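These notes concern the structure reproduced below.
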Amino acid sequence: MPVQPASEDKSRERKRAARAALDQASAKRVYGEPIELDGGKIIPVAAVRRCGSQEDGETSEKGCGCSCVSVRPVGLVVIRGDRVEWEPIFDLNRAALAVAGVLGLFLLFRRR
C-alpha cells in the first residue's frame, strides 16, 4: 500500500470538517425541539445559512473559504388544539439597520 503525502491527509481532514459543518445545517437546526406550554406546543424556528467550502473543494458564493454556519431565530410555530399559527420574531437590529439606511439615503439625496 503506497504511503500518502501529509498534504493529502490534511486535505481529507478539511473535507471531513466541511462535511461535519454541513451536517449541522440540517432540519433539526432549523426547527427546535417542541416545548409544551399551557396545553399547546411551541416550536422555535431558525434561519440557517452556511458559507464556506463545498465538498468538491470550491468555495461558496461568499468566497470566504471557511466552513462556518450562521443561525438566527426567525419565529415560532404555535400549535393549540387544531390551530397552527406563525409568530415572527421582531429583529430590532435589522429594523434599526433598515431605518438607518433609509435615513442615510434621504440625507444623501435631499435637495438643498
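The values are calculated or read from the model by the stated rules, or taken from the named source; none is laboratory data. From a predicted model like this one, the values you see are computed outputs, not experimental measurements. As a convention, Cβ positions derive from the backbone with ideal geometry for all residues, glycine included, and neighbour counts pool all protein chains shown.
Here are some notes:
- Verdict on Val71 being assigned to a strand (DSSP E or B), surrounded by 13 or more Cβ atoms within 10 Å (Cβ to Cβ) and at pLDDT below 85: yes
- Some residue of the stretch 87-105 being at pLDDT below 85 and surrounded by 14 or more Cβ atoms within 10 Å (Cβ to Cβ): no
- For the stretch 84-108, a residue qualifies if it is under 30 Å from Asp38 (Cα atoms), out of contact with any strand residue (DSSP E or B) (no Cβ under 9 Å at 6 or more places or on another chain) and outside any loop (DSSP other than H, G, I, E, B), and exactly one does: Leu92.
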